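What follows is a single structure, written as structure tokens, with notes after it.
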Amino acid sequence: MTKPIVWMILTLAVVASALAAMFFGSATISVAQGWSLISGESTSPLVETIIFQIRLPRVLLALIVGAGTAATGAAIQGMFRNPLADPALIGVSSGAALFAAGYMVLNLHNSAWGFLGLAGSAFTGGFITTLLVLKVGQRSGTISSMLLAGIAVNAIALAGVGLFSYLSSDLQLRSVAFWALGSFNGADWVGVQVALVIPLVVLLLYRDSQKLNAVTLGDLEATHLGINVPRLRTRIVLYTAVITGTSVALVGIIAFIGLVVPHLIRLMLGSNHHTVIPGSALLGALLLLMADTLGRVIIAPAELPVGILTALLGGPFFIYLVVQQKGRLGI
């Protein structure tokens, strides 16, 4: 299959999935009702509310978050030359979860911290943990130290989330658990507006595509090509922190999209980051939207958290990846 055909199929699949997500859910919208809405004919106010106030912002948010998460996964894997890397590796997701859990359990909305809100607290936590990982990694200047720092920060932050879960009431525990599993249930137009920072940062990632191609050859080779590798590494990590922190703050933790999608794109389009990053963004948007739509209809009228579905998809692929890469990874 040629690359133009792959691009066309991905684009058409995104459009078709977006239309399907608008019409299917606990309240199904018929084709006739949808056509009446599109053509401007009179339609039920209830249908207009469902489409424009509930489903359209949800669809847009799923597309933006999926695109950003997958694109950062592609950049992180290229930057660290590690096929098992994903945005959570630098601690941003666990840091966001820690601060969000603390905000809910400690009732910080009544304190001076309350002006940030839940989303602001999550973003702040993700950014602080990312800066901590960067600081540790810069002291030694090696990729291994940054990866190890990310693993350590993840472990500490997740232990903190566990402690807050232990201290929480039943209602708080349910909120923490549901938020940590990821959900687009609270999507609205304000969230979509906030999320618009994500495609802007994805464009910045794309600008570094050529440099990421050079880094995959090795730090020494990239340096000989005139690339400041430590500065590039810091920039990529900060871009990842902004995208992942914003995503987690808006919809919670979305697992495995950043790990799985870049590998699928490399299988279809090759390893050049000029195609891997935009291709990952497109496929990530598609898969996350499909997972959210499935989560809305599979047990309707209840909803299955989207993080559960992405984990069910990514978990087996992760195992397959480990088995396939065991020689290279030394396991």
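The values are calculated or read from the model by the stated rules, or taken from the named source; none is laboratory data. All figures in this text were calculated on a predicted structure; none of them were measured in a lab. Glycine also receives a Cβ, built like all others from the backbone with ideal geometry; neighbour counts cover every protein chain displayed.
A Cβ distance below 9 Å, combined with a sequence gap of six or more or placement on separate chains, defines the contacts here; from the range 12-31, residues that are within 16 Å of Leu287 (Cβ to Cβ) reach residues that are acidic (Asp, Glu) in the pairs Ala21/Asp292.
Screening Ala67 against (1) modelled with pLDDT under 90; (2) surrounded by 14 or more Cβ atoms within 10 Å (Cβ to Cβ) leaves a single unmet condition, (1).
For Arg81, the test of being of a type in the set (Lys, Arg) and either touching a helix residue (DSSP H, G or I) at 6+ places or on another chain (Cβ under 6 Å) or modelled with pLDDT under 80 (or both) is failed. Just one of Gly150, Gly182, Gly125, Gly117 is under 25 Å from Ile64 (Cβ atoms), in contact with a His (Cβ under 9 Å, 6 or more places away or on another chain) and small (Gly, Ala, Ser); which is it? Within the list Gly150, Gly182, Gly125, Gly117, the selection yields Gly117.
Got at least one residue in the range 186-201 being farther than 23 Å from Val59 by Cβ, out of contact with any strand residue (DSSP E or B) (no Cβ under 7 Å at 6 or more places or on another chain), without any contact (Cβ under 8 Å) to a residue 12 or more places away in the chain and of a type outside the set (A, V, I, L, M)? No, there is no match, as no residue in the range 186-201 is farther than 23 Å from Val59 by Cβ, out of contact with any strand residue (DSSP E or B) (no Cβ under 7 Å at 6 or more places or on another chain), without any contact (Cβ under 8 Å) to a residue 12 or more places away in the chain and of a type outside the set (A, V, I, L, M). Among the residues examined, Leu116 qualifies as without any contact (Cβ under 8 Å) to a residue 24 or more places away in the chain, out of contact with any Pro (no Cβ under 6 Å at 6 or more places or on another chain) and either surrounded by fewer than 20 Cβ atoms within 10 Å (Cβ to Cβ) or farther than 25 Å from Leu309 by Cα (or both). Criterion applied to Val161, Val136 was being crowded, with 18+ Cβ neighbours inside 10 Å, of a type in the set (A, V, I, L, M, F, W, C) and in contact (Cβ under 8 Å) with a residue 12 or more places away in the chain, and the one residue passing it is Val161.
Just one of the listed residues (Leu264, Leu286, Leu294) is part of a helix (DSSP H, G or I) and surrounded by 20 or more Cβ atoms within 10 Å (Cβ to Cβ), namely Leu286. Of all residues in the range 77-91, those that are on the phi < 0 side of the Ramachandran plot and touching a residue at least 40 places away in the same chain (Cβ under 8 Å) have Cβ atoms under 7 Å from Cβ atoms of residues that are basic (Lys, Arg) and surrounded by fewer than 24 Cβ atoms within 10 Å (Cβ to Cβ), 6 or more apart or on another chain, in Met79/Arg233. When Leu217 is tested against the conditions (1) farther than 22 Å from Ser121 by Cβ; (2) in a helix (DSSP H, G or I), the lone failure is (2). The set of residues in the range 202-227 that are among the charged types (D, E, K, R), crowded, with 16+ Cβ neighbours inside 10 Å and at pLDDT below 90 contains only Asp219. Does at least one position in the range 101-108 carry a residue that is within 18 Å of Leu288 (Cβ to Cβ) and not charged (D, E, K, R)? The answer is no; no qualifying residue exists. Remark: Leu259 falls outside the filter, which requires a residue to be surrounded by fewer than 24 Cβ atoms within 10 Å (Cβ to Cβ) and under 24 Å from Ile9 (Cα atoms). Please go through the range 267-290 and give me each residue that is over 17 Å from Ala67 (Cβ atoms) and either in contact with a strand residue (DSSP E or B) (Cβ under 6 Å, 6 or more places away or on another chain) or modelled with pLDDT under 90 (or both), ordered by number. The answer is Leu267, Gly270, Ser271. Of the residues in the range 321-328, none is surrounded by 13 or more Cβ atoms within 10 Å (Cβ to Cβ), in a helix (DSSP H, G or I) and either in contact with a strand residue (DSSP E or B) (Cβ under 9 Å, 6 or more places away or on another chain) or modelled with pLDDT of 85 or more (or both).
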